[in-house]
Amino acid sequence: MPLPDYSKDFEKALETGRPPNIKKLFPNSKALIVSGKFIDRAMLAKTNCMTIAANGRNSFVIRGSLLAAQKANAAIIIEIARSEGGGSAYCPTSLWNIARQTDAYMNELGITVPVAIHADHFGIKAMTDVEPAKIEIPTLFDAGVTSIAIDASHLPDDQNLLANIELNPFVPKWAGLETEVGEIKGKLGLSTSEEALLLIRGLNAYNIFPDWIALNNGTTHGIEESDTGIDIELTAEIHKALSKYHISGAQHGTSGNSSERLINIAKKTKTTKANVATALQMISWGVKVNDYGNAILDQGKNFSKVKNLGVSEELWQEMLAYAEANNIKGGDFKKLNLPFENKLNAQPKAIQDRMIRGVEDFVYNMLINVFNADNTSDIVKEQILKTGSYDAGPKAGKIEKAEDWTKEKIIAKAAEMTTDKGPDGNFDD
């Protein structure tokens, strides 16, 4: 591996662009960990592109994604969802160690591209979750998170908005911010412009300007092959309705969609962040995936492991036996990450290297040939130097009047909306 190019401009970006929490945690680091705001701005500046938000369910996914980003000269996001790495985690990567892992790997591997650390799907399932969240959210930033998704979309529209407003003071102004209407569903179970506007207009009235909004726009999560998937026209329609609020899209369930569809998402919508989770986990283990990033199932609905890829054949059989003994099937294979972490790390170096390489090859192809994210690393560095700060600032200005968005008026506005939210779903990953 060639020595990293720590140029004069890189050193300036490193000094200027790292947020205070990152500088405090890693004072001697050469890892350019930045706010998610800069990642979003770079994609917008290049146009017609988005970057990967790689769910680092295991260390091999994180390392492979970083190597791919370096090779593509692309700015990326490393993330973990609260369901994956929170208080009831099923992954060894947590909201409190993901920044430390990423910083260590970036220094170890000589990674010089900018990377944001994102706490994805910080779920608020009931209004009683808000008070504990006021304590927990600051601990995430203390641990090195530089971007967060406040996900109260499981709640009714008015409570979703009110929870976002109440929690915003606990998110640093410089940090990347994502909000969601992913679980609140309208006709046919998909998000609508009406509910997205209620959320974004209400936040705007309180001087809250999210960088991304996540929708339920046909999301899938990379297990069973499907030729359905993301509704590009609906996504573009909602983004257009939100245009004066200058908010980008965060696409969930990316690994359930074909390359052609993802290319069109980047071209035809304002999406700049594409979450990929299940595909990367499966690839690191050596499970066969198709162009959709979906794990391929055999006739018995079992995963197909490719010989000489991913984990050793012996360990794979042990993982399958554990899954069978614990009635773990399909998408719940994600629950193997935690109990097998040490055994995965105890494999021979050659096995570990091929696990990392599988992820690297997949992510590199996505960044270059699908997401159009190559060379966005340079854009982030230029923007940091131009801004002279770790804070990219808001993209939008205040349009709405606070007096039109009191608690009572928010409840009244939500009551006038369509109440058919469609079937239940789970978009935590």
Output the number of the condition that Ser191 fails; it satisfies all remaining conditions of (1) under 24 Å from His239 (Cβ atoms); (2) in contact (Cβ under 8 Å) with a residue 40 or more places away in the chain; (3) surrounded by fewer than 23 Cβ atoms within 10 Å (Cβ to Cβ). (3)
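Table: residues versus (1) without any contact (Cβ under 8 Å) to a residue 40 or more places away in the chain; (2) touching a helix residue (DSSP H, G or I) at 6+ places or on another chain (Cβ under 9 Å); (3) farther than 25 Å from Val171 by Cα.
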site	(1), (2), (3)
Tyr6	no, yes, yes
Phe10	no, yes, yes
Ala13	no, yes, no
Pro20	no, no, no
Leu25	no, yes, no
Ala31	no, yes, no
Gly36	no, no, no
Ala42	no, yes, no
Select from the range 162-190 the residues that are at pLDDT below 95 and part of a loop (DSSP other than H, G, I, E, B) and write down the one among them that is farthest from Ser35 (Cα to Cα). Gly186
Within the range 345-375, tally of residues that are more than 15 Å from Leu66 (Cβ to Cβ) and of a type outside the set (D, E, K, R): 13
So Asn275 passes all but one of these: (1) buried (at least 23 other Cβ atoms within 10 Å of the Cβ); (2) free of Cβ contacts under 8 Å to residues at least 12 places away in the same chain; (3) of a type outside the set (A, V, I, L, M). Which condition number does it fail? (2)
So, in the range 44-88, how many residues would count as being among the polar types (S, T, N, Q), under 15 Å from the mean Cα position of the chain (by Cα) and in a helix (DSSP H, G or I)? 2
It is to be established whether one or more residues within the range 25-33 are part of a helix (DSSP H, G or I), aromatic (Phe, Trp, Tyr) and either crowded, with 16+ Cβ neighbours inside 10 Å or under 16 Å from the mean Cα position of the chain (by Cα) (or both). no
Per-region count, the range 308-353, residues outside any helix (DSSP H, G or I), among the hydrophobic types (A, V, I, L, M, F, W, C) and closer than 23 Å to Ile80 by Cβ: 5
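The values are calculated or read from the model by the stated rules, or taken from the named source; none is laboratory data. This structure is a prediction, so every number in the text was calculated from the model and none was measured. Methodologically, a virtual Cβ is constructed for each residue, glycine included, from the backbone with ideal geometry; neighbour enumeration extends over all protein chains shown.
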